[in-house]
Amino acid sequence: MLEKLNQIQGAALEALDSVADEAALEAWRVTHLGRSSALMEVFSGLGGLSREQRPAVGQKANQVKNALEAALAERSGTLRAASLKRSLEGERLDVTLPGRRIPMGRLHPDSQTMRELYRIFGEMGFQIFRSHEVESDEYNYQLLNFPVGHPARDMQDTYFVEAEGRGDNPIVLRTHTSPGQIHAMRHFVAGNPENPPPVRIVLPGVCYRYEQITNRHETQFEQIEGLAVGPGITFGDLKGTLADFARRMFGQETRTRFRASYFPFTEPSAEFDVECFLCAGKGCTVCKGSGWLEIGGCGMVHPVVLQNGGYDPQRYTGFAFGLGPQRMTMLRHRIEDIRYFYQNDLRFLEQF
Ligand code: PHE
């Protein structure tokens, strides 16, 4: 019997030598250590042996089992190491190769300028107030002191969304961000009708005008409106605010200039110019030799507009301004055609 166990061990170890992969190893385990293996038969036959034989055979059978299990574990280890080595060699990688670049987008020049404006006005104490791109005639014009048929409406050629059956109050695409002044004032008044709070806001967004498209005019363009309302606000506050804005936006040395103008919703009204930051006022092609660049319109909020917003013009005054962010971007980067902004041409966009 002991001799038989030696043979079982010898045969099993010999068979193990030719096991080359994990599947063959599993088959070997079933054959030589599994329930119906010769070795297990010896174990189940122990009960039939004589009392003298049983301990020696049992001991020997256990030794054989341990030896086979140890050999199995060792073989399994070497097989796993070999397969790892094979896969490392097969998928060899060159760690000195340069990495693959992850394509990264960037902000549109419009967005870059808008974010800079938000930052500057935010630092100066203005909140951002968003309002609608689709408006009624009432908000876009009437409440801003452009009555029906007022000639100043011709300054802004209008896109009508819906006119049928709406009489004097058609739905329009906003031609400027100024209607947001009324929405904002009414919003603040609704929160506290007896004592409406002071207003310090900027209203950014897209506006639409039915214009002949040229290198300087698009039918869709950005504006950023400013509005400050409170007791005792003066034209001096308006000038100081815009002068400070210009220094923050275009550099500490930037000078500003105000020229009398007209808007129905401000009185007095002015055009706001900054000294040309490209030639420092000497005169160049961008400022057409004048040394000054037109940035926007502004003025003191007309009492009728304050009233329409719900602020008592006896107790409150205010100023407003409307700036053209795309004009600032064009001047700054010497972009000669506003049409580039919406053409999505990567050769243009990748420059910013
Ligand atoms: N809404 C005017 C425009 O688009 C600009 C403006 C805003 C003027 C605020 C004065 C005050 O032409």
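The values are calculated or read from the model by the stated rules, or taken from the named source; none is laboratory data. Note that the structure is a prediction, hence the values are computed from the model and not measured. No Cβ is skipped: glycine too gets one built from the backbone with ideal geometry, and neighbour counts run over all protein chains shown. Note: accessible area is taken over every heavy atom of the protein model, side chains too, but ligands, DNA and RNA are not part of it. Shrake-Rupley method; radii C 1.70, N 1.55, O 1.52, S 1.80 Å.
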Item to complete: Find all pairs meeting these conditions: Cβ atoms under 9 angstrom apart; at least six residues apart or on different chains; first residue within segment 9-35 and assigned to a helix (DSSP H, G or I); second residue among the aromatic types (Phe, Trp, Tyr).
Response: ALA12/TRP28; ALA15/TRP28; LEU16/TRP28
Worksheet item: Only one residue in ASP154, ASP168 is within 13 Å of the ligand (Cβ to nearest atom), acidic (Asp, Glu) and either assigned to a loop (DSSP other than H, G, I, E, B) or open to solvent by 30 Å² or more (accessible area, probe 1.4 Å) (or both), so which one is that?
Response: ASP154
Practice prompt. Please determine, by comparing only the residues of segment 253-290 that are within 16 Å of the ligand (Cβ to nearest atom) and outside any strand (DSSP E or B), which one is surrounded by the fewest Cβ atoms within 10 Å (Cβ to Cβ).
Written response: PRO264
Practice prompt. Could you check how many residues of segment 86-114 are in a helix (DSSP H, G or I), under 30 Å from MET328 (Cβ atoms) and of a type in the set (A, V, I, L, M)?
Written response: 1
Worksheet item: Condition test on ILE182, is it out of contact with any Ser or Thr (no Cβ under 8 Å at 6 or more places or on another chain) and either within 16 Å of the ligand (Cβ to nearest atom) or closer than 24 Å to GLY122 by Cα (or both)?
Response: yes
Worksheet, complete the sentence: Only one of LEU238, LEU349, LEU331, LEU242 is under 32 Å from the mean Cα position of the chain (by Cα) and within 13 Å of the ligand (Cβ to nearest atom), namely LEU242
Discussion item. Every residue in segment 259-317 that is touching a strand residue (DSSP E or B) at 6+ places or on another chain (Cβ under 6 Å) and of a type in the set (Val, Ile, Thr), please.
Written reply: THR266, VAL274, ILE295, VAL301
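Being more than 16 Å from SER290 (Cβ to Cβ) and aromatic (Phe, Trp, Tyr) is the filter here; which residues of segment 251-272 pass it?
Selection gives TYR262, PHE263, PHE265.
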Fill in: Residue list for segment 199-213, filter: more than 13 Å from SER131 (Cβ to Cβ) and either surrounded by 18 or more Cβ atoms within 10 Å (Cβ to Cβ) or touching a residue at least 60 places away in the same chain (Cβ under 8 Å) (or both)
VAL199, ARG200, TYR208, ARG209, ILE213
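From the list LEU117, LEU68, pick out the single residue that is under 26 Å from GLU26 (Cβ atoms) and either touching a strand residue (DSSP E or B) at 6+ places or on another chain (Cβ under 9 Å) or aliphatic (A, V, I, L, M) (or both).
Values: LEU117 fails: under 26 Å from GLU26 (Cβ atoms).
Of LEU117, LEU68, the one residue that is under 26 Å from GLU26 (Cβ atoms) and either touching a strand residue (DSSP E or B) at 6+ places or on another chain (Cβ under 9 Å) or aliphatic (A, V, I, L, M) (or both) is LEU68.
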Item to complete: Output the number of residues of segment 216-244 satisfying the condition of being closer than 21 Å to ASP273 by Cβ and either free of Cβ contacts under 8 Å to residues at least 60 places away in the same chain or open to solvent by 20 Å² or more (accessible area, probe 1.4 Å) (or both).
Response: 14
Discussion item. Between a residue in segment 324-336 that is assigned to a loop (DSSP other than H, G, I, E, B) and any residue that is of a type outside the set (Gly, Ala, Ser) and modelled with pLDDT under 90, which pairs come within a Cβ distance under 7 Å, given they are 6 or more apart or on different chains?
Written reply: ARG334/VAL286; GLU336/ASN215
